[in-house]
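The values are calculated or read from the model by the stated rules, or taken from the named source; none is laboratory data. Just so it is clear, the model here is predicted, and its values are computed rather than measured. Don't worry about glycine lacking a Cβ; one is built from the backbone with ideal geometry, like all the others, and counts go over all protein chains shown. Just the protein is used for accessible areas: all its heavy atoms, side chains included, with ligands, DNA and RNA removed. Shrake-Rupley method; radii C 1.70, N 1.55, O 1.52, S 1.80 Å.
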Amino acid sequence: MSSVRGQGVPDPEHALYLLRQMLRVRRLEEKCIELYSAAKIRGFLHVYIGEEAVAAGVMESLAPEDAVVATYREHGHALLRGVSAASILAEMYGHAEGCCRGRGGSMHLFDAATRFYGGNAIVAGGLPLAVGLALADRMAGRQRVTVCFFGEGAVAEGEFHESMNLAALWQLPVLFCCENNLYAMGTALGRSESQTDIALKAAGYEMPAWAVDGMDVLAVEQAARRAVDGVRSGGGPHFLELRTYRFRAHSMFDPELYREKSEVAQWMERDPIRLLQSLLEGAGQLPEKKWAALQEDVDAEISTAVGFAEAGTPEPVSELARFVYSERVDGGSTGTGSDTGDGSGKNGAGKHGAGKNGAGKEGGA
């Protein structure tokens, strides 16, 4: 398993940046739990606490033109891809200022401006989408990479095998990132898979694949850069099994009866934030005042985002039918009923119906 433990801090400033990125995700997720408990956020909520090193490390390897496809546990991925915390929280509030105008919520974050294509609530549902995006780039001759995040539970789905097979057959520019946190909802990996070495399973599709210490952000970044470089240089699909762990329950509705508290406590000793913090402190790169200032800065960002979400507005009822059909550049609709007054073909927001503070030119629905 790929790891850089014991190798020191090669670039202290960059390591501090990675620490900040992970802390941003942690504080956002902690705030989401608080807001959910206060009934400000409704529906389902799946937080990323404990797994921050995966998103932080992988995102650093990507270029702006690359694409990202994620799961329903995607708040951290969206944030680190460049979707603002304000836009994310407004979306969870169901407000029009959210990245999907409040129509997607926690599990369906989307932002075309940063090429963040979900937020997909179906287990393994993002895999075929990633293959399609990579195929489009291949056919257009673009030097882009599509990164697809999914949990180890997706390995039991047919879409996983179909997507892996097609990506390998067609040598598509896609990086598969399996976030192996050991539990598919409440099912332990060993209870659903006869072969629990996911990287070995992926290698069966004739693509480079290896396991990485998903609690070590430096190891994740190193592995991701190697994999992305391989994909971008024409080496076909690559696969990373990122061995990580979620510290919280599967969702806010999960009674968490399938694992022992002692197991969770043991994994929490390898908290990715604490690991990097300790490394930097040991190297003399993170004095107490600097750490306190970093935390204050992140807390201020999240506080501002909450204020933005609180001040948001629900979409008016007149807009409910909007985006049933896609909108043309001239503000019309490609479907029927664009001039019936139902709102589906009027008041286009941006080039293809982009929402406020979120999706940019190509869409916010």
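Observations, loosely collected:
- Condition check for D229: modelled with pLDDT of 95 or more and open to solvent by 10 Å² or more (accessible area, probe 1.4 Å): yes
- The set of residues in region 187-204 that are open to solvent by 20 Å² or more (accessible area, probe 1.4 Å) and touching a Phe, Trp or Tyr at 6+ places or on another chain (Cβ under 8 Å) comprises T187, A188, A203.
- S278 vs. criteria under 23 Å from the mean Cα position of the chain (by Cα), of a type outside the set (F, W, Y) and surrounded by fewer than 14 Cβ atoms within 10 Å (Cβ to Cβ): no
- In region 63-73, residue surrounded by the most Cβ atoms within 10 Å (Cβ to Cβ) [restricted to those that are among the small types (G, A, S) and part of a loop (DSSP other than H, G, I, E, B)]: A70
- Pick from region 311-337, criterion polar (S, T, N, Q) and open to solvent by 90 Å² or more (accessible area, probe 1.4 Å), ranking: modelled with the highest pLDDT: T334
- Pairs linking a residue in region 193-220 that is in contact (Cβ under 8 Å) with a residue 40 or more places away in the chain to a residue that is of a type in the set (F, W, Y) and surrounded by fewer than 21 Cβ atoms within 10 Å (Cβ to Cβ), with Cβ atoms under 7 Å and 6 or more positions apart or on different chains, are A199/W210.
- Residue ID - surrounded by the fewest Cβ atoms within 10 Å (Cβ to Cβ), chosen from residues in region 156-186 that are among the acidic types (D, E) and free of Cβ contacts under 8 Å to residues at least 60 places away in the same chain: E162
- Taking first residues from region 257-276 that are under 20 Å from M22 (Cβ atoms) and in contact (Cβ under 8 Å) with a residue 40 or more places away in the chain and partners that are part of a helix (DSSP H, G or I) and open to solvent by 60 Å² or more (accessible area, probe 1.4 Å), the Cβ contacts under 9 Å between residues at least 6 apart in sequence or on separate chains come to M268/R274.
- Scanning region 232-261 for residues that are open to solvent by 20 Å² or more (accessible area, probe 1.4 Å) and on the phi > 0 side of the Ramachandran plot turns up G234, E256.
- Filter result (under 30 Å from M139 (Cβ atoms) and touching a Leu at 6+ places or on another chain (Cβ under 9 Å)) within region 183-201: I198, A199
- Taken as a whole, the structure places L135 among residues that are surrounded by fewer than 20 Cβ atoms within 10 Å (Cβ to Cβ), part of a helix (DSSP H, G or I) and touching a Phe, Trp or Tyr at 6+ places or on another chain (Cβ under 9 Å).
Residue-by-condition table, conditions (1) in a loop (DSSP other than H, G, I, E, B); (2) within 28 Å of V174 (Cα to Cα); (3) open to solvent by 10 Å² or more (accessible area, probe 1.4 Å):
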{"residue": "L28", "(1), (2), (3)": "no, no, no"}
{"residue": "I33", "(1), (2), (3)": "no, no, yes"}
{"residue": "K40", "(1), (2), (3)": "yes, no, yes"}
{"residue": "F44", "(1), (2), (3)": "yes, no, yes"}
{"residue": "I49", "(1), (2), (3)": "yes, yes, yes"}
{"residue": "S61", "(1), (2), (3)": "yes, yes, yes"}
{"residue": "G76", "(1), (2), (3)": "no, yes, no"}
{"residue": "S87", "(1), (2), (3)": "no, yes, no"}
{"residue": "H95", "(1), (2), (3)": "yes, no, yes"}
